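These notes concern the structure reproduced below.
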Ligand SMILES: CC(C)[C@H](C(=O)O)[C@@H](O)C(=O)O
Ligand code: SF4
């Protein structure tokens, strides 16, 4: 029987290719944003004509420098809007719509699809079992023009998830655990397939966090094998009926089991994603700014967790909270989370990558310590190269904001 990866490649190419084979694949969706979109369109211009293979299969969102913090960003947006209009792209999300990857996940991605984005975190859509992969602007331009591109077929790697999440442990800790075990290059050349033994214990938002951080693990893609949670998500988020296929186990190049019950809240300490420690090891480190958001951890349950911890409290450090999309923001507002975060003293907005990449809305200063729920902590990622960046889950982030120093969230979640 095929693996999920082989099944997808079979559907796309009509044969079962072997790892290492070079194949041509037609994408079901292609996405780009403001920062890379400019280059994508420029390359298409150089190719002679700005055209796309199917305007229904293109998703564009302004998220990286949105709303534009400077003149250059504003110029880029004017340029992209002009092309979006002349190409007649219906799936365009201007300033305020949200982060591209979250938009693709909540509105478009389907199990078994192949999705390419001009951004390395397009693999977030692996949460619903899509083979999603980030590429450079030139490759995306070619895929947009031709409706196909080439891929080296990755080797399938099976990850089994057993047990259930202990208090204060989230999808982020699964990602950090894998990074701690396998390192930042650990899954190079692999397509990681995650089988959850008891689907209901692993919600879609947490799946998206793990899929998102497979970029940091070097994976070509990371996909959660579609199950009851996938079907329920597609039904509630989109009204789509989906029946997960029953798969016999295929042949995997390698395997690993995550026992959720053995995990505890983790961080990636400066300056690399695989410098993983338990929160207990770094507890007490003073923090200048906390960021709760990004395509890694800006979903509803992330915001809900932060609100649960910060309810009735005042933050003791700067705290910026950004739901990853307009939809997430609206729901968080209806459920009272935005009020709670605002009362606690967080700066709240929506629809932007914000401080995740040090572009605007909370750039780090020299020597500052930033604790962020996003996915990268290399030097200079959130601004000044002398800033120190810790990655953590939203519960750790909220507890840290409440104390002004890195804190274990578990005491806050006990009642
Ligand atoms: C700007 C973009 C190319 C980049 C990426 O592809 O990942 C960004 O989103 C990031 O997270 O560093
Ligand atoms: S939120 Fe951060 S990681 Fe995600 S796309 Fe934006 S800049 Fe990249």
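The values are calculated or read from the model by the stated rules, or taken from the named source; none is laboratory data. As the structure is a prediction and not an experimental result, all values here were calculated from the model. Here Cβ is always computed from backbone atoms with ideal geometry, including for glycine, and neighbour counts include all displayed protein chains.
Within the stretch 339-371, being closer than 21 Å to residue 105 by Cβ and in a helix (DSSP H, G or I) holds for 354, 356, 357.
Do the conditions hold for residue 322, that is, is it touching a helix residue (DSSP H, G or I) at 6+ places or on another chain (Cβ under 6 Å) and under 13 Å from residue 290 (Cα atoms)? Here the answer is yes, as residue 322 does meet what is asked. For the stretch 19-40, the candidate set comprises residues that are surrounded by fewer than 22 Cβ atoms within 10 Å (Cβ to Cβ) and under 16 Å from residue 94 (Cβ atoms); within that set, the residue that is farthest from ligand 1 (Cβ to nearest atom) is 38. Just checking, how many residues over the stretch 383-404 are within 16 Å of ligand 2 (Cβ to nearest atom) and touching a residue at least 40 places away in the same chain (Cβ under 8 Å)? Counting residues in the stretch 383-404 that are within 16 Å of ligand 2 (Cβ to nearest atom) and touching a residue at least 40 places away in the same chain (Cβ under 8 Å) gives 7.
Would you call residue 347 surrounded by fewer than 24 Cβ atoms within 10 Å (Cβ to Cβ) and over 20 Å from residue 170 (Cβ atoms)? When the stated conditions are applied, residue 347 passes them.
Going through (1) out of contact with any helix residue (DSSP H, G or I) (no Cβ under 9 Å at 6 or more places or on another chain); (2) in contact (Cβ under 8 Å) with a residue 12 or more places away in the chain one by one, residue 330 falls short only on (2).
Of the residues making up the stretch 356-397, those that are within 19 Å of the chain's Cα centre (by Cα) and more than 16 Å from ligand 1 (Cβ to nearest atom) are 371, 390, 392, 393, 394, 395, 396, 397. Quick check on the stretch 355-376. Is at least one of its residues within 15 Å of ligand 2 (Cβ to nearest atom), on the phi < 0 side of the Ramachandran plot and free of Cβ contacts under 8 Å to residues at least 24 places away in the same chain? Yes: the stretch 355-376 contains one or more residues that are within 15 Å of ligand 2 (Cβ to nearest atom), on the phi < 0 side of the Ramachandran plot and free of Cβ contacts under 8 Å to residues at least 24 places away in the same chain.
Being surrounded by fewer than 24 Cβ atoms within 10 Å (Cβ to Cβ), over 22 Å from residue 101 (Cα atoms) and outside the structural domain of residue 284 (by TED's automatic domain parsing) is a description that does not apply to residue 384. Residues that are touching a strand residue (DSSP E or B) at 6+ places or on another chain (Cβ under 8 Å) and over 21 Å from residue 112 (Cβ atoms) within the stretch 157-181 comprise 162, 163, 172, 173, 174, 176, 177, 178, 179, 180, 181, listed in sequence order.
Of the candidates 244, 270, the single residue that is surrounded by fewer than 20 Cβ atoms within 10 Å (Cβ to Cβ) and in contact with a strand residue (DSSP E or B) (Cβ under 6 Å, 6 or more places away or on another chain) is 270. Only residues that are touching a helix residue (DSSP H, G or I) at 6+ places or on another chain (Cβ under 7 Å) and assigned to a helix (DSSP H, G or I) were counted in the stretch 261-303, giving 9.
Is it true that some residue in the stretch 138-152 is outside any loop (DSSP other than H, G, I, E, B), touching a helix residue (DSSP H, G or I) at 6+ places or on another chain (Cβ under 8 Å) and within 14 Å of ligand 2 (Cβ to nearest atom)? No, that holds for no residue.
The rows are residues; the columns are (1) buried (at least 24 other Cβ atoms within 10 Å of the Cβ); (2) at pLDDT below 95; (3) within 16 Å of ligand 1 (Cβ to nearest atom).
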residue: 127; (1), (2), (3): yes, no, no
residue: 135; (1), (2), (3): no, no, yes
residue: 154; (1), (2), (3): no, no, no
residue: 167; (1), (2), (3): no, no, no
residue: 183; (1), (2), (3): no, no, no
residue: 189; (1), (2), (3): no, no, no
residue: 213; (1), (2), (3): yes, no, yes
residue: 223; (1), (2), (3): yes, no, no
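Set side by side, the residues 111, 90 differ, and just one is more than 16 Å from ligand 1 (Cβ to nearest atom) and crowded, with 21+ Cβ neighbours inside 10 Å, which is 111. Does residue 215 meet the test of being assigned to a loop (DSSP other than H, G, I, E, B) and either within 16 Å of ligand 2 (Cβ to nearest atom) or under 16 Å from residue 162 (Cα atoms) (or both)? Taking the combined requirement at face value, the residue satisfies it.
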